[in-house]
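Report on one structure; see the data block that follows.
Where a number appears in this text, it was derived from the coordinates with a stated rule and is not lab data. Computed from a predicted structure; not experimentally measured. Don't worry about glycine lacking a Cβ; one is built from the backbone with ideal geometry, like all the others, and counts go over all protein chains shown.
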Amino acid sequence: MMKAFSSNYPLYELTFFRSMVAIVICLTVLIPLEGGIKILKTKNPGIHFFRGSCVVVANIAFFAGIAVLPLAEATAIFFISPILITFFSIIFLKEQVGLLRWSALIFGLIGVILVIKPFGASFRWEIIFPLTAALAYSSLQILTRYLGVNEKAATMAFYIQISFMIYMGLFSFLFQDGSFDTVNHPSFQFFFKGWVWPDKNDFLIIFFIGVFNAFGGYLISQAYRLSFAGLVAPFEYSALVFSIFWGIIILDEFLNLLSIIGILIILVSGVLIAVRETIKDRPLSLKKILDRR
């Protein structure tokens with residue numbers, strides 16, 4: 001829906017309203033579910049803000065990309081992030097990664113390359129947007145893993161939405177008159193165009209974008225908090241299936257054969273990793289989940 005709205009409303013406005021809805025859901029549903037307002041007290045405000053900044057960058061970059069790239073292709077390019085998450089989890093979290101998982105991730109990278117087509121005539125420089133999003137998102141999830149030892153998922157979800165409100169409020173103030181909308185390119189126009197008040201039907205859709213964002217952010221934070229970063233990341237490959245589906249149904253976007261092959265390779269590599277980690281780390285999960293709760 002963000003892609004569908006990219007020609008009508010600025011990104012900062014859509015994200016501002018989305019975060020308003022998400023904060024209300026956090027305060028009324030998610031935070032009471034995990035212990036009440038007291039869980040918002042944190043010893044890591046700086047890390048929360050940096051983590052929130054990472055997700056802001058990831059969102060801006062990804063949505064700027066899908067303003068011009070097909071949704072499924074941009075999503076596939078974004079899925080270099082599990083490779084980065086695994087790499088960062090080895091360096092910063094000292095997690096053990098076996099040969100099979102490395103092989104599957106490299107296989108997935110080949111799939112991403114097929115989608116990007118870096119040496120073909122169809123190569124587009126706009127792929128830098130989902131690639132940037134992947135880097136920021138992988139940093140976000142490594143920080144989620146670090147904070148999740150002591151912080152609740154609802155706490156992390158709340159501070160992400162606060163970060164969005166701060167950044168998007170600032171961007172709304174700076175860009176609302178449209179004076180920075182000077183570059184004739186869909187990605188830059190999506191970000192810099194002037195504020196346009198949504199009609200009732202569009203605002204209802206934006207409201208539901210906020211609902212999905214709130215629960216999606218909470219559930220992803222919960223998953224990374226309770227398990228290995230390298231185990232959770234492959235399950236996010238399901239977004240590829242949904243991006244293809246919505247791209248066809250809503251946006252009338254159809255993929256070429258090379259992109260389809262690349263996406264299938266990415267999916268297969270993700271499944272291999274998920275199956276391997278489920279078998280390998282099954283004894284670990286219950287005790288660690290109980291400890292973290």
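Worth a mention:
- For residue 80, net neighbour charge (Lys/Arg +1, Asp/Glu -1) across residues whose Cβ lies under 14 Å away: -2
- ³J(HN,Hα) computed for each position of segment 132-143 - Karplus, 6.51 cos²θ - 1.76 cosθ + 1.60, integer Hz, glycine/proline x: 5, 4, 5, 5, 5, 5, 5, 5, 4, 6, 5, 5
- Cα centroid of segment 133-182 to Cα centroid of segment 189-248, whole Å: 13
- Rounded, prolate or oblate (a/c below 1.5 giving rounded, otherwise prolate when a/b exceeds b/c) for segment 11-292 by Cα gyration tensor: oblate
- For segment 11-292, averaging the sequence separation of C-alpha pairs within contact (under 8 Å, six or more residues apart) and dividing by the residue count gives a relative contact order of 35 percent.
- Residue pairs, from the table 43/94; 3/193; 43/152, whose Cα atoms sit over 19 Å apart: 43/94
- For peptides 235-245, 249-259, 128-138, sequence by mean Cβ density within 10 Å, most packed first: 128-138, 235-245, 249-259
- For residue 95, the residues 5 or more places off, or on other chains, whose built amide H falls under 5 Å of its own are 90.
- Structure-based [θ]222 nm, the chain - -39500 (n - 2.57) summed over DSSP H runs of at least 4, per residue, nearest 500: -23000 deg cm²/dmol
- As a rough guide to protection, the peptides 140-153, 197-210 ranked by mean Cβ packing within 10 Å, highest first, stand as 140-153, 197-210.
- Derived scalar couplings between HN and Hα for segment 179-195 equal 5, 8, 7, 10, 9, 7, 8, x, 5, 6, 5, 4, 8, 9, 5, x, 5 Hz in order, rounded to whole Hz, by the Karplus curve 6.51 cos²θ - 1.76 cosθ + 1.60 (θ = phi - 60°), x for Gly and Pro.
- Order of 16, 173 under a 10 Å beta carbon neighbour criterion, fewest first: 173, 16
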